Every structure is written in structure tokens, then in C-alpha cells.
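Computed from the coordinates by the stated procedures, all read-outs in this text should not be read as laboratory data. Given the structure is predicted, the values throughout are model-derived calculations rather than measurements. Heads up, the Cβs are rebuilt from the backbone with ideal geometry, glycines too, and the neighbour counts pull from every protein chain shown.
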Amino acid sequence: MKTSDLLQFTLTVFVRHRWRTAMLSTCVALGVAAVVLLTSLGESARRYVAKEFAMLGSDMLIVLPGKKQTSGGGIPMYASTVRDLTLEDAAAIKQLPGVTAVAPIIA
């Protein structure tokens, strides 16, 4: 089949089925718009999160209480012990070289 015959056939189908052509074009346009919108929302969220972390600065360390970390095949009960941070821990961190300020927070 020649390319010109194929184009003529396609145009004839589009003209004879105007409603189907209009609906198909509308659906394709809506699909493209949805993809563009979701992509831009995802990129905006990524930039927002990156900006929020950048506002903290590169010379800040945040220490949160949590579980002790073990490596290898440690005792399971040992790995699940929660250790809270105390004001004494904050004072000890303040004594470290290079630390200029400590701000303990009670949540």
C-alpha cells in the first residue's frame, strides 16, 4: 500500500467519523495534560523538599533518639532497645571540638 493511499484512507475515516475523531483528540489532549501536570507537581515537590533541607545549612547536625544499631548477627533484643537523649548528652556534645551551639528540644 502506498503512503498516499494510506493518508487518503485515514483522512476519509476521520471525516466520516467526526464524533469519534473529536473524542479521540480530546482524550489524547487530556492524557497529555495530565502527564504534564503530574510531572510538574512531582518536580515542584522535589524542589520544595530540597530547598527546605538546604535552609538547614551544611554545618548542622541533628541527633534524634532511636534504636541502637548492631552489625551482623547480634542479639535481637539488644538491637531493639530505645535510648532517650538527655540534657547530659547535650552538654557532652557541646564539649566536642568544633561544636559552637547545642539546642536540645523536648518533643
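Please give the net charge around S40, taking every other residue with its beta carbon less than 15 angstrom from that of S40, where Lys and Arg add +1 and Asp and Glu add -1.
Net charge in that neighbourhood comes out at +1.
Would you mind counting up the charge near V13? Only other residues with Cβ under 14 Å from its Cβ, with Lys and Arg at +1 and Asp and Glu at -1. Walk me through the intermediate numbers first.
Numbers: positive: R16, R18, R20; negative: D5.
With Lys, Arg at +1 and Asp, Glu at -1, the net is +2.
Quick one: Cα centre-to-centre distance for segment 1-15 and segment 29-43, in angstrom?
32 Å
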